[in-house]
Amino acid sequence: MHTQTLCAQCLLLEGIKRPLDAKLESNTHGVVLGYVCPVHREQSTLVCSDAAFFTRIHDFSSDIEDLKTSTSSAPLIVEVDCLINGGIIPIDVVISQFSKFSGSTEFDSVLKLNGGTLVTLDQVLGFNELVLCVEQALSAVSIVVELQFDRLMDLCRLKNSCFFKARVYPSVVYYLKKGGEAQCNEELSLLVESLKRFKALQFSIHLLVDFPYPSLDLLMEFLKRQVGVARALIVSRQRSIRHLLESFSSSASLDLDTTFSADPILVLEEIERCESVQVSRNGFCFLH
């Protein structure tokens, strides 16, 4: 399968976005993305160690122009990044981006507003006003507001918080490192307490993990206590720049380096270990 990618070394080491032709192939490792950079030579990255799992995801994930003919009942989630160059984008940009995709399909659409790395209270206030305006403009659309833990707590404390609106739901982004499991449990518990001021409000967790993987035992126990409140757990592998640079410096040969692969199967195996059950690879709901 032919595709395109960027050379990670060009991007991180030199700040250059160098588009390259690439090829996805199956081998004894799984599904591997291979490409040749004119500066950093031939490279290969493990995408997924389970080729059948990857194929099913790929077959499900239709291109946007094919959405009208898809038989999936999953909602179309349209993501909009609301923080650009340190400023909150105008509402007309949000509406335009949402309409561009939601208008091309008969699916139910959900708008996900990503707050990014809001820093100041003024930015939090501006983001809250944006969400309120979008909620009023899109009268029949569910809105997911995704923020890092600290900024989401700030949003919860506002007297006119957007979470008082029935169609606005919070999603917390949490970067969990090995050794930080107890702190994660404590802070998510604080978030649940803060959300109690909003009637029957449900939330989701977007968990970012990196190698070496943290234990998910405490988090899974926490989720079991939040039945009906915590509706979704999204786990993403986010490789830190430090780990990527370490992998670059240690890659003396052309052999496939799987140490820092973003292989989703490793995350599934950690969940299986925590729950002492085998997770069916077919038991997943994919997002468009």
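The values are calculated or read from the model by the stated rules, or taken from the named source; none is laboratory data. Being a predicted model, the structure only gives us computed values, none of them experimental. So basically every Cβ, Gly included, is an ideal-geometry build from the backbone, and we count neighbours across all protein chains shown.
Contact annotation: residue pairs with Cβ atoms under 9 Å, 6 or more positions apart or on different chains, pairing a residue in the stretch 76-103 that is closer than 14 Å to residue 114 by Cα with a partner that is among the aromatic types (Phe, Trp, Tyr), are 78/98; 78/101; 80/98; 82/127; 83/127; 88/127.
For residue 186, the stated conditions hold: it is of a type in the set (D, E, K, R), out of contact with any Phe, Trp or Tyr (no Cβ under 9 Å at 6 or more places or on another chain) and either surrounded by fewer than 19 Cβ atoms within 10 Å (Cβ to Cβ) or within 24 Å of residue 207 (Cα to Cα) (or both). For the stretch 54-74, a residue qualifies if it is over 20 Å from residue 238 (Cα atoms), modelled with pLDDT of 55 or more and assigned to a helix (DSSP H, G or I), and the qualifying residues are 55, 56, 58, 59, 60. Of all residues in the stretch 110-131, exactly one satisfies the criterion of being farther than 11 Å from residue 82 by Cβ, among the hydrophobic types (A, V, I, L, M, F, W, C) and assigned to a loop (DSSP other than H, G, I, E, B), namely 119. Contact map, the stretch 269-281: first residue in contact (Cβ under 8 Å) with a residue 24 or more places away in the chain and within 15 Å of residue 214 (Cβ to Cβ), second residue aliphatic (A, V, I, L, M) and assigned to a helix (DSSP H, G or I), Cβ cut-off under 9 Å, separation 6 or more or different chains; pairs are 271/220; 274/219; 274/220. Scan the stretch 75-98 for residues that are modelled with pLDDT of 75 or more and over 28 Å from residue 122 (Cα atoms) and jot them down. Once the filter is applied, which keeps residues that are modelled with pLDDT of 75 or more and over 28 Å from residue 122 (Cα atoms), the stretch 75-98 yields only 76. For the stretch 152-167, the criterion of being on the phi < 0 side of the Ramachandran plot, touching a strand residue (DSSP E or B) at 6+ places or on another chain (Cβ under 7 Å) and modelled with pLDDT under 95 is met by at least one residue.
Summed over the stretch 191-204, the residues that are surrounded by 13 or more Cβ atoms within 10 Å (Cβ to Cβ) and either of a type in the set (S, T, N, Q) or more than 19 Å from residue 131 (Cα to Cα) (or both) give a count of 5. Just one of (1) over 27 Å from residue 41 (Cβ atoms); (2) of a type in the set (Asp, Glu); (3) modelled with pLDDT under 75 fails for residue 193. It is (3). State whether one or more residues within the stretch 159-181 are polar (S, T, N, Q), closer than 18 Å to residue 208 by Cβ, in contact with a Lys or Arg (Cβ under 9 Å, 6 or more places away or on another chain) and surrounded by 20 or more Cβ atoms within 10 Å (Cβ to Cβ). There is at least one residue in the stretch 159-181 that is polar (S, T, N, Q), closer than 18 Å to residue 208 by Cβ, in contact with a Lys or Arg (Cβ under 9 Å, 6 or more places away or on another chain) and surrounded by 20 or more Cβ atoms within 10 Å (Cβ to Cβ).
Under the condition of being of a type outside the set (Asp, Glu) and assigned to a strand (DSSP E or B), which residue from the stretch 132-151 is farthest from residue 166 (Cα to Cα)?
This residue is 148.
On the stretch given as the stretch 5-34, residues that are in a strand (DSSP E or B), under 27 Å from residue 268 (Cα atoms) and out of contact with any helix residue (DSSP H, G or I) (no Cβ under 7 Å at 6 or more places or on another chain) total 10. Just checking, does the stretch 91-111 include any residue being surrounded by 15 or more Cβ atoms within 10 Å (Cβ to Cβ) and within 20 Å of residue 230 (Cα to Cα)? Within the stretch 91-111 (the criterion being surrounded by 15 or more Cβ atoms within 10 Å (Cβ to Cβ) and within 20 Å of residue 230 (Cα to Cα)), the answer is yes, since at least one residue qualifies.
In the stretch 166-203, what residues are in a helix (DSSP H, G or I) and of a type outside the set (D, E, K, R)?
Taking the stretch 166-203 and keeping what is in a helix (DSSP H, G or I), we get 181-195.
Within the stretch 166-203, 182, 183, 184, 185, 188, 189, 190, 191, 192, 194, 195 meet the criteria.
Among the residues of the stretch 217-271, just one is surrounded by 13 or more Cβ atoms within 10 Å (Cβ to Cβ), modelled with pLDDT under 75 and basic (Lys, Arg), namely 239.
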